[in-house]
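Notes follow once the structure below has been shown.
The values are calculated or read from the model by the stated rules, or taken from the named source; none is laboratory data. All values reported here derive from a predicted model rather than from experimental measurement. All Cβ positions, glycine included, derive from the backbone under ideal geometry; neighbour counts span all protein chains shown. Side chains included, ligands, DNA and RNA excluded: accessible areas come from the protein's heavy atoms. Shrake-Rupley method; radii C 1.70, N 1.55, O 1.52, S 1.80 Å.
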Amino acid sequence: MSIATGRATAPLAAGTTRKRAGILSRIIAHRTDYLYVLPALIVMLVVIAFPIYYTIELSFFRTPPNLQMRDKIWTGLSNYSTVLNSSVFHEVTIQTIIWTIASTVFAFLLGLGAALALHREFAGRGLLRALLLIPYVISAVAASYVWKWLYHSDFGVIGAISVALGITDEPINFLDNRQTVLASLIVVNIWKEFSFAMVMLMAGLQTVPDQLHRAAQVDGANTWDRFWHVTVPHLKGVSMVTILLLMVANFNSFIIPFVMTGGGPADASHIWITHIYQLAFGRQQWGVASAYAVILFIVMMTFGYFYVKALTRGDETRAGD
Amino acid sequence: MAEVVLKDVVKNYGNVYAVNNVSFTVEHGEFVALVGPSGCGKTTTLNLIAGLIPMSGGDIAIGDRIVNDLDPKDRDIAMVFQNYALYPNKSVFKNLAFPLQMRKLPKEEIARKVNDAAKLLDITHLLDRKPRELSGGQQQRVALGRALVRDPAVFLMDEPLSNLDAKLRVQMRSEIKRFHHNLNATVVYVTHDQLEAVTMADKMAVMNGGLLQQYDSPANVFAHPVNTFVASFVGSPAMSLIPLDVATQGTETSLRSPEEGWELPLSPMNARKANASSNGKVVLGARHSTLKLHRQAVPGAVPGKVYTVEPTGDVTFAQVFISGAVVNISLDPSVVIAPDEKVWVEFDQERMHLFDGQTTMALQAA
Amino acid sequence: MAVISETAIRPVVRKPIDWWRWAGRAFLTFLLLFTVLPMAWMVLTSVKSQFAAMQYPPQWWPAEPTLNNYFKLLDPNSRVGQDFLRYFWNSFYVSLVTTILGVVVAVPAAYAFSRFRFPGRNFMFFAVLVRNMFPAVVFLMPLFLLMRWMGLVNTHGSLILTYLTFGLPLSIWLLKGFYDNIPIQLEQAARIDGATRFQAFLLIVMPLSTPGIIATSIFSFIGAWNEYVYAYTFLSRDSQMTLPVGIQRFFTEFATDWPGLMAATFMMSVPVVVLFLVLQKYFVRALTEGAVKH
């Protein structure tokens with residue numbers, strides 16, 4: 001309760017010293033506080049601030065393939081126009097949007113269903129939750145190899161099952177086919193991360209007061225009504241955060257497309273991230289890749305704004321100094 | 001033991017003044033209650049005395065030392081917190097021993113002092129428990145024990161009873177009072193509950209909006225509140241306050257209801273007070289026990305209408321609308337009245353309070 | 001008031017079928033199969049010979065199960081085994097050092113963010129969070145040059161330094177949540193009891209934040225263990241490689257040995273899955289901390 005509310009009265013009489021401190025003296029007054037943050041700050045400056053600056057700088061230069069950066073040549077905005085005018089960029093952008101949205105939507109819906117079904121206490125619930133979480137815990141590299149083997153064009157078990165069930169006449173070549181590759185990768189991605197949404201939403205469900213459910217029951221609400229009028233409003237905040245986190249993670253994902261297909265066939269499974277990587281480390285076009293990264297940066301800043309807003313929601317200033 | 005002196009103490013956060021030029025002196029062995037509504041600056045004041053937050057201005061002295069720039073640990077104080085702040089991972093014994101360990105006392109002496117304190121507070125059987133295994137009252141005792149084990153110059157207590165249930169609160173209230181008496185300790189005690197302050201303290205400091213309103217003994221604060229805030233904050237039920245106009249005809253001064261037009265003649269003493277009002281308006285204050293209820297009009301009584309009647313057993317409270325204000329009146333339980341009944345209320349000229357209609361300060365006879 | 005007769009006959013109500021419950025069970029069964037079958041197939045493949053694995057239609061159940069693939073990986077005398085064990089050790093070493101350093105750096109920072117109001121605090125906290133947003137690839141190019149300039153390419157130092165920053169924002173955020181839940185009065189009490197601010201932190205707050213430190217450590221360990229992009233870019237020498245990069249390299253040199261790869265994948269997953277199962281409570285708490293409070 002330490003901060004007085006209401007009345008912002010000015011001091012009554014003289015004799016009050018040090019009443020309004022300037023920013024500099026405030027920094028000096030808090031100088032020891034910074035010591036706690038300093039190690040983190042130094043590490044972050046080296047590994048974050050410098051790279052951001054350098055990426056922006058490189059985006060205005062043509063870089064030599066041998067990566068001797070003192071030989072770079074100023075080209076103004078031409079890297080940006082190269083990126084924005086390339087037809088591959090347009091294609092990859094559409095794939096990125098499909099990848100991000102589809103993965104997010106399905107992972108969220110599966111997670112929501114699981115959270116609701118697991119909310120009720122039953123024997124083996126903890127074990128079930130743990131099992132469902134394993135794909136989220138293991139490395140995406142491991143997941144990629146497992147699914148690459150499941151999708152294998154000759155000996156893949158999924159193809160064999162679909163033939164055995166009479167769905168297809170012969171095994172489908174999931175990954176080496178422009179029509180199916182992106183969807184196939186999205187399935188892997190959903191497999192890997194739906195349980196993240198599940199855990200978040202389970203925690204969110206626990207914040208729904210039982211009394212509200214009982215009150216609604218007394219008021220004559222059926223299961224669906226209660227879900228819609230009691231559960232859903234309570235899950236809004238968590239859902240926002242979860243969807244944002246999923247979007248960010250999906251937009252940033254690299255391993256699954258890179259390890260499983262390398263963006264192929266014919267760029268059909270590239271997303272921005274893998275595409276940038278290929279331009280930089282496959283074709284040594286660091287200037288173009290940097291411009292690409294800066295564009296991605298700007299998009300992410302927009303995400304970032306909402307992300308921070310959603311995360312710091314309700315994180316009011318605490319009492320104390 | 002030591003005295004505590006606050007002089008022009010200020011704590012501001014930008015333009016918000018949590019504590020605004022507060023000055024008062026706590027004498028040796030005195031029990032002072034800092035009291036006020038939530039957000040009034042009382043806990044901030046206590047934290048400033050403790051040194052837990054830096055001051056923006058002014059001076060604080062404990063004993064003979066100015067402690068403005070001293071760390072809490074160097075101020076020779078002990079503190080009891082509202083949530084007790086017992087170290088949850090330490091046993092009761094270790095909680096009590098911690099302040100002594102920090103002062104690097106030898107092991108045997110720590111054990112002796114802890115056991116003494118435990119005996120005093122009757123918590124010897126709890127020494128091996130963890131705080132979460134204790135009831136609220138037991139936690140409270142341990143918190144007290146941790147404060148007194150060190151024999152500090154001043155005890156600071158921040159709403160130590162507010163987390164207890166009503167019955168336990170009354171019991172602990174007398175125990176703390178007894179504890180103060182036995183140790184002859186200097187205590188600064190923060191509470192939002194005026195009853196606690198009135199019953200326990202030698203002096204009370206009433207705060208509002210970061211400003212010290214009145215600093216005096218509970219009896220004086222009760223009898224002579226300096227302004228309408230103090231008047232309405234101290235006492236239960238609160239003092240009733242009726243805003244009225246001053247009407248003067250010749251040598252006679254009376255109070256007139258701006259809404260209902262009736263006039264209440266004043267005694268010469270009260271007339272002099274009313275005439276000192278800065279804008280011709282006063283607030284009439286009266287405690288429930290000083291009022292008399294009549295069923296018929298009598299001289300010196302004003303008309304009102306009963307709003308509710310609350311029997312409490314040995315006394316019945318009636319709330320009566322007078323000139324738009326709600327007035328509390330205590331009645332003998334045998335009196336039978338009903339809501340909406342028309343009544344007349346007689347004021348005791350000796351024991352009524354008059355406050356300035358503008359400044360809200362108590363009026364003095366000119 | 002109505003009087004309820006004691007002899008009133010209660011209507012016989014047959015409990016209606018709870019369709020929602022059945023729908024939930026069906027859905028969970030589907031999810032369980034979706035989750036487990038791929039992993040099961042990994043394990044089943046890993047105990048087949050290469051010949052048995054490469055058949056169409058597949059052997060649904062291994063006709064002659066064998067642990068040879070695992071023996072090969074764990075045999076320090078075979079070339080495959082040597083490489084695998086070295087990768088495993090590299091991964092473990094890098095993850096462990098990252099985790100320890102991460103805690104050392106994150107603990108004071110998180111504490112400061114939770115407790116102090118210093119100028120720039122909000123900006124710095126924003127920076128910490130935003131770092132979470134940017135993909136590795138954005139930082140990869142300049143970091144690669146930076147590491148080359150510092151002579152750290154092909155060393156574990158490059159990975160540890162990167163993972164440290166990688167993990168810091170999340171670690172700080174998680175720990176801040178734990179510190180927020182420790183009442184500030186405990187420290188105030190300690191300071192009045194004679195502790196300095198630092199002692200209060202060390203003796204009172206630190207022990208109480210152990211669960212937070214465990215949760216944060218699991219996160220950084222698993223994150224470092226699973227990391228691929230930086231390791232793939234910064235390391236080109238066989239002797240330095242970590243598991244995610246290593247197993248890829250070594251199985252694509254020849255025709256792919258799928259059962260061997262599945263065995264390696266399984267082995268790679270075991271440490272994190274065990275860590276997760278043992279410390280599940282902390283893991284889940286860490287995952288949801290911050291997003292679901294209030």
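Using the Cα centre of segment A:25-159 as the reference point, and only Cβ charges (+1 on K/R, -1 on D/E), how large is the resulting charge dipole? Debye, rounded to the nearest 20.
Using only the charged Cβ atoms, the result is roughly 320 debye.
Could you tell me how far the Cα centroid of segment B:151-167 sits from the Cα centroid of segment A:132-203, in Å?
Comparing the Cα centres of segment A:132-203 and segment B:151-167, I get a distance of 62 Å.
Within 10 Å of each candidate Cβ there may be at most 14 other Cβ atoms; applying that plus a DSSP loop requirement, which trypsin sites (Lys or Arg not before Pro) in segment A:90-141 survive?
Answer in residue order: A:R120.
Starting from the Cα gyration tensor of the protein assembly as shown, take the square roots of the eigenvalues, sort them a ≥ b ≥ c, and report rounded, prolate or oblate (rounded when a/c is under 1.5, otherwise prolate if a/b is larger than b/c, else oblate).
Prolate.
Classify segment B:4-227 as rounded, prolate or oblate from the Cα gyration tensor: take a ≥ b ≥ c as the square roots of its eigenvalues, call it rounded if a/c is under 1.5, otherwise prolate when a/b beats b/c and oblate if not.
prolate
For chain A, what does the alpha-carbon gyration tensor say about shape, rounded, prolate or oblate, given a ≥ b ≥ c as the root eigenvalues, a/c under 1.5 as rounded, and a/b over b/c as prolate?
Oblate.
Where the only charges are on Cβ atoms (+1 Lys, Arg; -1 Asp, Glu), what is the dipole of chain C about its Cα centre, to the nearest 20 debye?
Dipole of chain C, to the nearest 20 debye: 700 debye.
At what distance in angstrom do the alpha carbon centres of segment B:328-366 and segment C:76-103 lie from each other?
Taking the Cα centre of each part, segment B:328-366 and segment C:76-103 sit 85 Å apart.
Hey, any idea what Rg/Rh is for segment B:294-366, computing Rh the Kirkwood way over Cα pairs?
Dividing the radius of gyration by the Kirkwood radius yields 1.03.
What percent do you get for the relative contact order of segment B:4-227 when only Cα pairs under 8 Å and 6+ apart count?
Taking the mean separation of contacting Cα pairs over the length of segment B:4-227, I get 31 percent.
Treating only the Cβ atoms of Lys and Arg (+1) and Asp and Glu (-1) as charged, compute the dipole magnitude of the protein assembly as shown about its Cα centre; round to the nearest 20 debye.
About 1320 debye.
Across the Cα atoms of segment B:1-128, what radius of gyration and what greatest pairwise Cα-Cα distance (Dmax) are found, in Å?
According to the Cα coordinates of segment B:1-128, Rg and Dmax are 17.2, 51 Å.
Only sites in a loop by DSSP and with at most 16 other Cβ atoms within 10 Å count here; which GluC sites (Glu not before Pro) in segment B:205-276 make the cut?
Of the GluC sites (Glu not before Pro), the ones in loops of segment B:205-276 whose Cβ has at most 16 other Cβ atoms within 10 Å are B:E259, B:E260.
With contacts defined as alpha carbon pairs under 8 Å and 6 or more residues apart, what's the relative contact order of chain C in percent?
That works out to 28 percent.
Ignoring ligands, DNA and RNA, how much accessible area is buried between chains B and C, both sides summed, with a 1.4 Å probe, to the nearest 100 Å²?
Looking at B and C, the buried total is near 1700 Å².
How large is ³J(HN,Hα), in whole Hz, for each residue of segment B:63-79 in order, when computed from phi with the Karplus curve 6.51 cos²θ - 1.76 cosθ + 1.60 and θ = phi - 60°, using x for Gly and Pro?
After applying 6.51 cos²θ - 1.76 cosθ + 1.60, I find x, 9, 9, 6, 10, 2, 10, 8, 5, x, 5, 9, 9, 6, 10, 10, 9 Hz.
Which helices, taking whole DSSP H runs in chain A, have alpha carbons extending 30 angstrom or more along the helix axis plus mean Kyte-Doolittle at least -0.5?
The answer, listed by residue number, is A:87-119, A:181-206, A:286-311.
For segment B:240-356, what % of the accessible area comes from carbon and sulfur atoms, probe 1.4 Å?
Of all accessible area on segment B:240-356, carbon and sulfur atoms account for 52 percent.
Using alpha-carbon positions, what is the distance between the centroids of segment B:93-141 and segment A:28-55, in Å?
The distance from the Cα centre of segment B:93-141 to that of segment A:28-55 comes to 43 Å.
Let's test this: bin the Cα-Cα distances of segment B:240-356 at 10 Å from zero up to the farthest pair and state each bin's percent.
Per 10 Å bin, starting at zero, the Cα-Cα P(r) for segment B:240-356 comes out as 14, 48, 28, 9, 1 percent.
Can you find, among B:P303, B:V26, A:G282, the residue sitting farthest towards the positive end of the charge dipole of the protein assembly as shown, where Lys and Arg contribute +1 and Asp and Glu -1 at Cβ?
So the residue we want is A:G282.
Strictly over 32 Å apart at the Cα level, which of B:K11/B:K281; B:K104/C:K281; B:K273/B:K342 would you flag in this model?
Over 32 Å apart, Cα to Cα: B:K11/B:K281; B:K104/C:K281.
In peptide B:331-343, what is the residue-averaged number of other protein chain Cβ atoms found within 10 Å of each Cβ?
0
Can you give the accessible area buried between chains C and A, summed over both chains, with a 1.4 Å probe, in Å² to the nearest 100?
Buried area between the two chains comes out at roughly 9300 Å².
Provide the net charge surrounding A:A115, with neighbours chosen by a C-beta distance below 13 Å and charges set as Lys +1, Arg +1, Asp -1, Glu -1.
+3
Give the relative contact order (percent, whole number) for segment A:193-300; include only Cα pairs under 8 Å separated by 6+ residues.
With pairs under 8 Å counted, the relative contact order is 18 percent.
What longest range of chain C stays clear of loop-exposed chymotrypsin sites (Phe, Trp or Tyr not before Pro) (DSSP non-H/G/I/E/B, at most 13 other C-beta within 10 angstrom)?
In short, C:61-253.
Calculate for chain C the 222 nm mean residue ellipticity that helices alone would give, adding -39,500 (n - 2.57) per DSSP H run of length 4 or more and normalising by residue count, nearest 500 deg cm²/dmol.
My calculation for chain C gives -22000 deg cm²/dmol from helical runs alone.
Can you give the accessible area of C:M39 in Å² (nearest 10), computed on protein heavy atoms with a 1.4 Å probe?
About 30 Å², ignoring ligands and nucleic acids.
Which residues in segment C:182-220 place their backbone N less than 17 Å from a point set 7 Å from the Cα of B:R103 along the Cα-to-Cβ direction?
C:189-196
Shielding by partners for C:24-35, please: the mean number of other protein chain Cβ atoms within 10 Å of each residue's Cβ.
5
Accessible area per residue of the protein assembly as shown at 1.4 Å probe, in Å²?
Each residue of the protein assembly as shown exposes 44 Å² on average to a 1.4 Å probe.
Which helices of chain B meet both criteria: a Cα extent of 15 Å or more along the helical axis and a mean Kyte-Doolittle score no lower than 0.0, with helices taken as whole DSSP H segments?
For chain B, where a helix must reach 15 Å along its axis and average at least 0.0, the hits are B:92-102.
So which aspartates and glutamates can B:K177 reach, going by Cα to Cα under 13 Å and dropping same-chain residues fewer than 8 places off?
B:E30, B:E196, B:D202
Summarise the partner chain shielding of A:126-134 as one whole number: the mean count of Cβ atoms from other chains within 10 Å of each residue's Cβ.
Per residue, the average neighbour count from other chains is 5.
When N counts the residues of segment C:84-288, how does its alpha-carbon radius of gyration compare numerically with 2.2 N^0.38 Å, as a ratio?
1.17
Taking DSSP loops as anything outside H, G, I, E and B, show the longest stretch in chain A free of GluC sites (Glu not before Pro) there with at most 11 other beta carbons within 10 Å.
It works out to A:122-315.
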